[in-house]
Structure formats: C-alpha cells, structure tokens
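The structure under discussion appears below in the form of structure tokens.
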Amino acid sequence: MSKIKTAIISVTDKSGIVGFAASLSKFGVKVLSTGGTANALRQGGIEVTDISEYTGFPEMMDGRVKTLHPRVHGGLLGLRDNPAHVRMMEEHGITPIDMVVVNLYQFEKTVAKEGVTLTEAIENIDIGGPSMLRSSAKNFKFVTVLVDPADYETVLKEMAASGGETTLETRFRLAKKVFRLTHEYDGAITRYLEAASL
C-alpha cells in the first residue's frame with residue numbers, strides 16, 4: 001500500500017469530520033468534497049476541492065448527479081498493481097483516490113416522520129454514496145473506506161505509525177462494514193417501498 005494522497009469526504013453525519021479532515025491535511029492528503037460537507041470543511045479551515053472542479057462536470061438535477069463520474073469511480077476502482085489500469089488512468093486524467101469517507105442520506109429517519117410522502121422518501125434514497133462505498137470496498141486492497149466516525153481515530157493512528165498508510169487488515173475490516181451498511185440500507189428501502197402505495 002502506498003501513502004494516502006487523495007480522499008473524498010461527503011458525509012451526512014458531520015460529527016468529528018472537521019478534525020479528521022484537518023488531521024488528513026497534516027499528512028498532505030488532498031480532500032475532494034461535495035455540497036454541505038465541502039462548506040463545513042471550509043468553515044473549519046480545511047482546503048477542499050469540489051468534486052465538480054475535479055471531474056470538470058457540474059453537480060446537477062438537484063444534486064442527484066454529482067459523484068457518478070468515471071474520474072471518481074475510475075479513481076476508486078483502478079488496480080494500482082495492474083499496468084493496463086494504471087495506463088488507462090494516466091491516459092484519462094484519473095487520479096487514484098485512496099480514501100473515501102461517506103455516510104448516507106438518512107432514509108430511515110426520513111420515512112419515520114409523520115406524514116412523509118413517497119416523493120420525499122424517494123428523494124432521500126442515496127445513489128452516489130452507496131456507489132462510492134461499494135467501489136471503494138470492492139477495491140479495499142488499495143482504498144481505505146470509512147462509514148463510521150468511530151473509525152476515524154484508528155485510521156489516523158495507523159497513518160501516524162506508517163507515514164500515511166493503513167494496513168490491509170484494517171481496510172478489509174472497513175470494507176466488510178460497508179457491505180453490511182449498504183445491505184441494511186437497501187433492506188430499509190425495500191421494506192418501505194413494499195408497504196407503500198402510489
């Protein structure tokens with residue numbers, strides 16, 4: 001594993017995120033972010049590059065489309081030890097993305113509200129978040145993926161001990177946590193939609 005150089009941070013639960021991002025910056029990690037998270041990080045004094053600036057493509061459709069882009073998913077899924085992947089990344093200006101810090105739209109909280117409509121529920125189905133999480137977790141050999149603020153300290157300790165890297169064991173543990181989360185998230189959506197009517 002090489003040093004973590006680029007991270008995407010896009011979180012609904014912002015607890016501890018400014019401090020975590022500040023620590024990443026001390027390791028020289030470039031932070032890419034979106035919307036409200038980018039604003040929160042900037043207010044905390046963190047230098048941030050908007051995803052739209054990195055992709056060269058604006059956020060659109062009321063935020064429905066912002067991270068679904070080859071420069072994002074190519075950066076997450078590219079195998080760093082596969083010369084063909086590395087060559088394609090270089091040819092298309094795709095930067096390896098070494099860390100993803102994402103948690104999802106709070107679908108279950110939304111549908112628990114009194115009088116919530118089907119339209120409101122559907123707008124709170126996260127698409128880009130689970131997609132980035134699954135891409136990152138699939139490529140855990142190279143990508144550190146965090147969905148839980150409780151893991152921030154462990155990751156920072158590993159980076160401090162290794163000059164900015166994480167262990168394969170930690171990345172594998174965090175990847176399993178991702179697939180558990182996305183499984184539960186899709187289950188919540190399925191249960192709601194099965195009980196809903198048009």
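The values are calculated or read from the model by the stated rules, or taken from the named source; none is laboratory data. Small disclaimer: the values here were computed from a predicted structure and weren't measured. We place every Cβ from the backbone using ideal geometry, glycine too, and count neighbours over all the protein chains shown.
The set of residues in the range 26-49 being buried (at least 17 other Cβ atoms within 10 Å of the Cβ) and either modelled with pLDDT of 90 or more or of a type in the set (D, E, K, R) (or both) consists of Val29, Lys30, Val31, Leu32, Ser33, Thr37, Ala38, Ala40, Leu41, Ile46, Val48. Hey, can you tell me all the residues within the range 149-175 that are under 23 Å from Ser131 (Cβ atoms), of a type outside the set (Asp, Glu), assigned to a helix (DSSP H, G or I) and in contact (Cβ under 8 Å) with a residue 12 or more places away in the chain? Pro149, Tyr152, Val155, Thr170, Arg171, Phe172, Leu174, Ala175 - these are the residues of the range 149-175 that are under 23 Å from Ser131 (Cβ atoms), of a type outside the set (Asp, Glu), assigned to a helix (DSSP H, G or I) and in contact (Cβ under 8 Å) with a residue 12 or more places away in the chain.
Selection of the range 117-134 for residues being surrounded by 22 or more Cβ atoms within 10 Å (Cβ to Cβ) and modelled with pLDDT of 95 or more yields only Leu133.
Listed here are the residues, each with its yes/no results for (1) assigned to a loop (DSSP other than H, G, I, E, B); (2) free of Cβ contacts under 8 Å to residues at least 12 places away in the same chain.
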| residue | (1), (2) |
| --- | --- |
| Thr12 | yes, no |
| Ser15 | yes, no |
| Ala22 | no, no |
| Ser25 | no, no |
| Val31 | no, no |
| Asn39 | no, yes |
| Ile46 | yes, no |
| Phe57 | yes, no |
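When the range 102-135 is filtered for residues that are assigned to a loop (DSSP other than H, G, I, E, B) and without any contact (Cβ under 8 Å) to a residue 60 or more places away in the chain, the ones remaining, listed by number, are Ala112, Lys113, Glu114, Gly115, Val116, Thr117, Asn124, Asp126.
Taking the criterion of being of a type in the set (A, V, I, L, M, F, W, C) and closer than 20 Å to Pro130 by Cβ, would at least one residue in the range 39-48 satisfy it? The answer is no; no qualifying residue exists.
Residue count for the range 136-148 under the criterion of being surrounded by 22 or more Cβ atoms within 10 Å (Cβ to Cβ) and in a helix (DSSP H, G or I): the result is 2. Of the residues screened, Glu153 is not one that is more than 25 Å from Gln106 (Cα to Cα) and either modelled with pLDDT of 95 or more or loosely packed, with under 14 Cβ neighbours inside 10 Å (or both). Select from the range 50-69 the residues that are buried (at least 19 other Cβ atoms within 10 Å of the Cβ) and of a type in the set (Lys, Arg) and list them in ascending order. If the condition is that a residue be buried (at least 19 other Cβ atoms within 10 Å of the Cβ) and of a type in the set (Lys, Arg), then Lys66 is the only one that fits.
Determine if the range 83-95 includes at least one residue that is surrounded by 14 or more Cβ atoms within 10 Å (Cβ to Cβ), in a loop (DSSP other than H, G, I, E, B) and hydroxyl-bearing (Ser, Thr, Tyr). For the range 83-95, residues surrounded by 14 or more Cβ atoms within 10 Å (Cβ to Cβ), in a loop (DSSP other than H, G, I, E, B) and hydroxyl-bearing (Ser, Thr, Tyr): present. From the list Val11, Val18, the lone residue that is of a type in the set (A, V, I, L, M) and in contact with a Ser or Thr (Cβ under 8 Å, 6 or more places away or on another chain) is Val11.
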